[in-house]
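S.K.: Before I ask anything, here is the structure I am working with.
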Amino acid sequence: MTMRLNSKETAVYFDSLKVPFISKTSIVGNYKIHFIQTGNSEKATLFFVHGSPGSWDAYKSYLSDTLLLKKYRMIAIDRPGFGNSNFGTAEDLGTQAQIIEDFITQIDNHQAIVLIGHSLGGPVIVKMATDHPALFPNLVVLAGAIDPKAETPELWRRLLLSKPLRYLIPGALRPSNDELWWLKKDLYAMAPNLKNITSKVIIIHGTKDQLVPYKNMAYMNKMLVNAKSIESISIENANHFIPWEHFELIRNTLLHIAI
């Protein structure tokens, strides 16, 4: 239930595809951020942020794609609380964004950066862009949960926040439960600052998403009033799992981003 690959499994995956990779952990204040890097270290960066629960390996097909490898440096992190990044200890949206922003300053190669976030990774990258608009000129939001009114957290999640019940939740499901319960409040807090975003934004969402409602797309189009541009891509009848089930569409979108 940790929902992460160990170091041996990671090496087997990349070695079988003959893809060179870096697996490292950086210290960011009191936090550890584990990440995987592939591609050309001198090129623009695709920076992947996974959903809840999850880890870097949600994007392993992108990190090993031959076309993307030629064009980009690619980095996928374990978000705080997941994978090998302070596993088990959840953080709210603002804290996560700040930790990841600080991490990005550590790995900056002075090239363009594209933030890509799926599901709860979507509001994380959007929060980062509200905090530092000039640093993040390109956002790709994949089935992102941005609209606070669309969030309907299950009441049983609150029960699992308290002792001793929370210690009965296995593995990555514990920090996932915490952050999903906090998310609605975090999104309401972020909403007034969405006007700060000046990025070029690409929104990709399935019309039949049962976990993060499709109306998030309309909300972003309404609220991102100062975005440099917004491209909305609807995938008819698609569910929440578009990074895997619609890999080619998303991969091709990333290949053709104008940066």
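The values are calculated or read from the model by the stated rules, or taken from the named source; none is laboratory data. Please read all numbers here as calculations on a predicted model, not as lab measurements. We place every Cβ from the backbone using ideal geometry, glycine too, and count neighbours over all the protein chains shown. The protein model used for the area step is the full one, side chains on, heavy atoms only, and it has no ligands, DNA or RNA in it. Shrake-Rupley method; radii C 1.70, N 1.55, O 1.52, S 1.80 Å.
S.K.: For segment 15-31, name all the residues that are outside any loop (DSSP other than H, G, I, E, B), in contact (Cβ under 8 Å) with a residue 40 or more places away in the chain and surrounded by fewer than 18 Cβ atoms within 10 Å (Cβ to Cβ). Step through it out loud before you land on a result.
M.R.: Taking segment 15-31 as the starting set, the residues that turn out to be outside any loop (DSSP other than H, G, I, E, B) are 15-16, 22-28, 31.
Checking which are in contact (Cβ under 8 Å) with a residue 40 or more places away in the chain leaves us with 25-26, 28, 31.
Once the filter is applied, which keeps residues that are outside any loop (DSSP other than H, G, I, E, B), in contact (Cβ under 8 Å) with a residue 40 or more places away in the chain and surrounded by fewer than 18 Cβ atoms within 10 Å (Cβ to Cβ), segment 15-31 yields 25, 26.
S.K.: The conditions are (1) open to solvent by 30 Å² or more (accessible area, probe 1.4 Å); (2) in contact (Cβ under 8 Å) with a residue 40 or more places away in the chain; (3) in a helix (DSSP H, G or I), and residue 254 fails exactly one of them. Which is it?
M.R.: Looking at each condition in turn, residue 254 falls short on (1).
S.K.: Continuing with this model, one more query. State yes or no: is residue 11 touching a Ser or Thr at 6+ places or on another chain (Cβ under 9 Å) and outside any loop (DSSP other than H, G, I, E, B)? Spell out the reasoning first.
M.R.: Details: touching a Ser or Thr at 6+ places or on another chain (Cβ under 9 Å): yes; outside any loop (DSSP other than H, G, I, E, B): yes.
Taking the combined requirement at face value, the residue satisfies it.
S.K.: Of the conditions (1) within 25 Å of residue 167 (Cα to Cα); (2) open to solvent by 40 Å² or more (accessible area, probe 1.4 Å), residue 96 fails just one. Which one is it?
M.R.: It fails just one condition, (2).
S.K.: Any residue at all in segment 160-171 that is surrounded by 16 or more Cβ atoms within 10 Å (Cβ to Cβ) and touching a residue at least 40 places away in the same chain (Cβ under 8 Å)?
M.R.: no
S.K.: Mind listing whichever residues of segment 63-88 are open to solvent by 10 Å² or more (accessible area, probe 1.4 Å), modelled with pLDDT of 95 or more and farther than 21 Å from residue 200 by Cα? Outline the logic, then answer.
M.R.: Initial filter on segment 63-88 (open to solvent by 10 Å² or more (accessible area, probe 1.4 Å)): 64-67, 69-71, 73, 84, 86-88.
With modelled with pLDDT of 95 or more added as a condition, the list becomes 64-67, 69-71, 73, 84, 86-87.
Of everything in segment 63-88, those that are open to solvent by 10 Å² or more (accessible area, probe 1.4 Å), modelled with pLDDT of 95 or more and farther than 21 Å from residue 200 by Cα turn out to be 64, 65, 66, 67, 69, 70, 84, 86, 87.
S.K.: Any idea which residue in segment 193-229 is most open to solvent (accessible area, probe 1.4 Å), counting only those that are without any contact (Cβ under 8 Å) to a residue 40 or more places away in the chain and β-branched (Val, Ile, Thr)?
M.R.: 225
S.K.: Identify, by number, the condition in (1) out of contact with any Lys or Arg (no Cβ under 7 Å at 6 or more places or on another chain); (2) under 24 Å from residue 216 (Cα atoms); (3) not aliphatic (A, V, I, L, M) that residue 167 doesn't meet.
M.R.: (2)
S.K.: Something else: Right, residue 186: open to solvent by 10 Å² or more (accessible area, probe 1.4 Å), under 30 Å from residue 252 (Cβ atoms) and either in contact with a helix residue (DSSP H, G or I) (Cβ under 9 Å, 6 or more places away or on another chain) or of a type in the set (S, T, N, Q) (or both) or not?
M.R.: Working: open to solvent by 10 Å² or more (accessible area, probe 1.4 Å): yes; under 30 Å from residue 252 (Cβ atoms): no; either in contact with a helix residue (DSSP H, G or I) (Cβ under 9 Å, 6 or more places away or on another chain) or of a type in the set (S, T, N, Q) (or both): yes.
No; evaluated as a whole, the condition is false for this residue.
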